[in-house]
């Protein structure tokens, strides 16, 4: 049943690449044996400059069109090698880089922690008779309720809010007052309006990897994710955006099908070992874990440190060289 | 800001059509001037037979592959005309038919009405002192709360549940008991598990229009919509599926871009004048309104009866000939 979501015919194939004049000329020069094209210092400097300057350039480009991009030296080399080894040009599928959004590109858990604190403040007084650490007890009870409710409600603010209301009523043995429940409802509305704050280095890392195809793969409440995607203007930096209801093997496979992504030429970057790392490693992709300062209890999982395609990055700034190394 | 969700480059173009042997032969015969191909009674009978028998055939086809389909007589005629008028073959963009899901393909409002009834039962006692018709007053209060909260919470069961909890607390002036609120939470969980029941004629209508490209355009809670799409196995009958967070001009335009749909060659079928009809008419598409037996207060809008591309159908059974007539 899980597979039935795939459209009956595969219609979504990437448009054929439209090489720019410069790119086409460079490829043709290479195919004609002009290997010096690979090492022209001017080209290299221009590429580096573009990477550093891109964010500003895009902001200052009201037409929405993007500057011409040069095929990376690595990609040209690969095209050349393919031609040499096979005797004719072989099409190589493109490299895709996937980015998680919540707590990878922008802060999210941060806002949930404030909601959890409000919950604990409201509920702990009802637990003091039974528990030494009533706030911790309230927190544990909420996590247990959320974990039980995810199969029904999925991920995101609204499901979390209903779980908070349920946990507040059960934890207080029905003693919680309706106006306290209303504070949880008001908090949900605040959450649905919080500003988008990028993590340090997130935009620079996206731009540094923009010679590849980029896909945003995010999970959570549809309304909230759309809001954050629109507020952040992030979609213009990506080739594709997908809001997933779950992040596991079958849902990643569907996203790969939808965008014609070859799993072995895909690298996922995200903060959740459970949602961003393990499922893609199992599909043959590579994955870079960038831990957020806190992890939601339900997303905690052990890092697969021994996996040859797994890497850890201390921050988003550290990601681009790690991706380059993974791609060889 | 609303436009920023479009990916920076348009990658999603439909795959080139792969004509079957029979279709290719028929097209070639037509282009060679063999107009009799249009009127071969055997072909026509086979087409009619396929339409009637298709649902059963697909169910009995465990490979998941679909029987060969004949290009409709209308499409062949159009190809021929294009060639004759221009002196050479012109590519004609494909016709797409869009289907809403909730209350168009399967029952939905039905379950919400049961939730509303539970809400009224719980809240009316607190309103009896002030209102002659306390149940109606409870209902009106809930609709007002939902309407106010949609900009924050969007559409679907979870947002509706939080609105019910808020309305129950405010309507009762904080007198509602926590265990009554818990009944609304339990009802939300029931809602998130209700079975998918197709409307009469829905599957036959999808199959009768399957010579066109078909797209499912649904709105609501991401988790709930995915669940219903998977439970119903409906995706195998569609070329594309999109869960929208809102159904208005900008969101339809994005869906059209995503699937390379030409608005003037698109017909939308749905039960909501506000969400399925008016926005697509404004984009130049055609629309068929199939009213459900009840309409959520927030979706009520006046039918644009004077619009030349608007049609009403009394049930899903009546839709295919209306679409044929619209397509001329």
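A few remarks follow.
- Cβ neighbours within 10 Å from other chains - mean over A:243-253: 2
- The range B:179-245 and the range A:201-247 have Cα centres separated by 26 Å.
- Per residue of B:151-157, other chain Cβ atoms within 10 Å of the residue Cβ number 6 on average.
- Cβ-based exposure ranking for A:105, A:127, in which fewest neighbours within 10 Å come first: A:127, A:105
- Peptide A:187-200 has a mean of 2 when you count, residue by residue, the C-beta atoms of other protein chains within 10 Å of its C-beta.
- With label points set 7 Å from Cα along Cα→Cβ, the inter-copy distances at residue B:248 are 3.5 nm, sorted shortest first.
- Sorting B:118, B:199 from the fewest to the most surrounding beta carbons within 10 angstrom yields B:118, B:199.
- With a Förster radius of 30 Å applied to the C-beta separation of residue B:302 and residue A:193, the computed FRET efficiency comes to 0.40.
- Residues B:189, B:247, sorted so that the one with the fewest Cβ neighbours within 10 Å comes first: B:189, B:247
- Note on residue B:282/residue A:129: beta-carbon distance plugged into 1/(1 + (r/R0)^6) with R0 of 51 Å gives a FRET efficiency of 0.25.
- Spin-label pair residue A:117/residue B:107, simplified geometry with 7 Å Cα→Cβ offset, distance in nm: 4.8
Read-outs: derived from the displayed coordinates by stated rules, not from any lab. Remember, predicted model here, so these are calculated numbers, not experimental data. Heads up, the Cβs are rebuilt from the backbone with ideal geometry, glycines too, and the neighbour counts pull from every protein chain shown.
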